[in-house]
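Down below is the structure, laid out as structure tokens.
The values are calculated or read from the model by the stated rules, or taken from the named source; none is laboratory data. A quick note: this is a predicted structure, and the numbers were derived from the prediction, not measured. Reconstructed Cβ throughout: ideal geometry from the backbone, glycine too, with neighbour counts over all protein chains shown. Surface areas here come from the heavy atoms of the whole protein model, side chains and all, with no ligands, DNA or RNA. Shrake-Rupley method; radii C 1.70, N 1.55, O 1.52, S 1.80 Å.
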Amino acid sequence: MNKKITVLSGDGIGPEIMAQAIKVLDKIGEKYGHKFEYTYVDIGGCSIDKYGVPITDEGMEKCKASDSVLLGAVGGPKWDGCPANIRPEKALLAVRKELELFANLRPTKLFLQLADASPLKKEITQNGIDLLIVRELTGGVYFGPKKTEEVNGELVATDVMPYSEHEIERIGRVAFETAMKRNKKLASVDKANVIETSRLWRKVMHRLSEEYPEVQYSDVLVDNAAMQLIKNPTQFDVIVTENMFGDILSDEASMLTGSIGMMPSASLSSGTRGMYEPIHGSAPDIAGKDLANPLGTILSVAMMLRYSFDMAKEADDIEAAVNDVLDEGYRTADIMQEGAKRVSCTEMGALVLGKL
Ligand code: NAD
């Protein structure tokens, strides 16, 4: 198979982790007879430095012309002072919107080899954690109108959080379908006791749940969900929620596994094209030091093969290679444990490659 991939390495550790992921992808191509063609596009701070914008129109067109997009991370203190319309993160929101990537799938899986890295007590994690957050990605308060104005001599800022029925229904459908493929258990997280969009969210989810009688459905208020994720995470299988709640809960969930550097994610449209990225940011504190954990990006490549290219065997192969490397005790600094063998970002990439 031939596939065109737009590679957005981005800022900070982005280029370091991406280099390892591309090596893995090339190895898969060689092993299974696929041809992966890469187009590199600047995004985030590096694009602001070169072109004055976080992504150029030409770059966006290249994303649209590809079969899938791989992203490292964007941002860093250098660009924190940029005006809101040209901040590095603006490019991510633009790509999600332009490619209509409305569904963000964020798995949280505790690798049992890393159980010690989890901040939770052993009795909570002993059976492993394996849940998936389906986050709505193109609506809500991140995309609603916003303004700051002077009222009675002081500044007042307003963000609007709109959600329409069809936006809720399409993300709900992805969640129910995903639940059907997993353990047929879905929790919908909202704040229906206070927020109007949450009341509509709940109404649409209830309507959908009638179409999926096999799925064990529940409503959970977001504050309770935040608490339950720490207290008893194994009660969850698939969680569906709106954009901002999902942003916060998925970072919380990722910490249950001990390292944000391990977690992949997929952002999907209604077609087969997706954008795949680790959930972490550009980690400016360790950038350029060959310290980053590339496994979140390598596992994002596996998700791309599985969800966009229908290459389940190849995806399984990468996941098994990561598992084997962890089994043999190799760890980057962020997941280091007593008695384990500490390796750099490049060495971790080479170890996964070796297993493939
Ligand atoms: P971060 O995820 O970059 O870093 C948080 C902590 O986790 C840091 O200590 C970092 O060293 C560590 N970490 C993250 N990824 C790691 C990896 N692969 N291996 C080892 N350690 C890792 O979050 P932050 O510090 O809040 O944000 C830094 C910058 O990244 C900001 O400019 C922020 O806006 C941006 N950001 C970008 C994205 C994205 O591109 N999708 C997401 C979140 C934050």
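A few points about this structure:
- If you look at the Cα atoms of the stretch 50-112, you get an Rg and a Dmax of 14.1, 45 Å.
- Ranked by the mean number of other Cβ atoms within 10 Å of their residues, highest first, the peptides 225-234, 116-125 come out as 225-234, 116-125.
- Lysine pairs in the stretch 119-257 with Cα atoms under 30 Å, if 8 or more residues apart or on separate chains: 23
- Note on Glu169 and Glu196: with the Förster distance fixed at 25 Å, the Cβ-Cβ geometry gives a FRET efficiency of about 0.90.
- Considered as an equivalent ellipsoid built on the Cα gyration tensor, the chain has semi-axes of 30, 26, 21 Å, the largest given first.
- Heavy-atom accessible surface of the stretch 119-257: percent carbon and sulfur, 1.4 Å: 52
- Each principal axis of the stretch 292-356 carries a Cα extent, and these read 38, 19, 16 Å when sorted largest first.
- Selected from Val325, Val53, Val151 as most flexible by GNM, with the chain as the system and alpha-carbon contacts under 10 Å: Val151
- Length gained on full extension, Thr158 to Leu112, computed as 0.36 nm times the residue gap minus the Cα-Cα distance: 12.1 nm.
- The GluC sites (Glu not before Pro) of the stretch 253-356 that meet both conditions, a loop assignment by DSSP and at most 16 other Cβ atoms within 10 Å of the site Cβ, are Glu328, Glu338.
- Solvent-accessible area per residue, Å², over the stretch 23-171 with all protein chains present [probe radius 1.4 Å]: 50
- Cα-based convex hull volume of the stretch 119-257 per residue, rounded to whole Å³: 119
- Separation between Cα centres of the stretch 166-204 and the stretch 31-101, rounded to whole Å: 29
- By the helix-only formula, in which each DSSP H run with n ≥ 4 contributes -39500 (n - 2.57) and the sum is divided by residues, the chain has a 222 nm mean residue ellipticity of -12500 deg cm²/dmol.
- Over the stretch 215-356, the fraction of Cα-Cα pairs per 10 Å bin, rounded to whole percents and listed from the shortest bin up, is 10, 34, 36, 18, 2.
- With K and R counted +1 and D and E -1, the other residues having a Cβ less than 11 Å from that of Leu353 yield a net charge of +1.
- Here the Gaussian network model covers the chain, with springs between Cα atoms less than 10 Å apart; of Ala157, Ala312, Ala253, Ala157 fluctuates the most.
- Carbon plus sulfur fraction of accessible area for the stretch 301-355, probe 1.4 Å, in percent: 44
- Summarising the label geometry, the points placed 7 Å from Cα in the beta-carbon direction at Asp26 and Ala312 lie 3.0 nm from one another.
- The label point for Ala350 and the one for Lys147, both projected 7 Å from the Cα toward the Cβ, are 5.8 nm apart.
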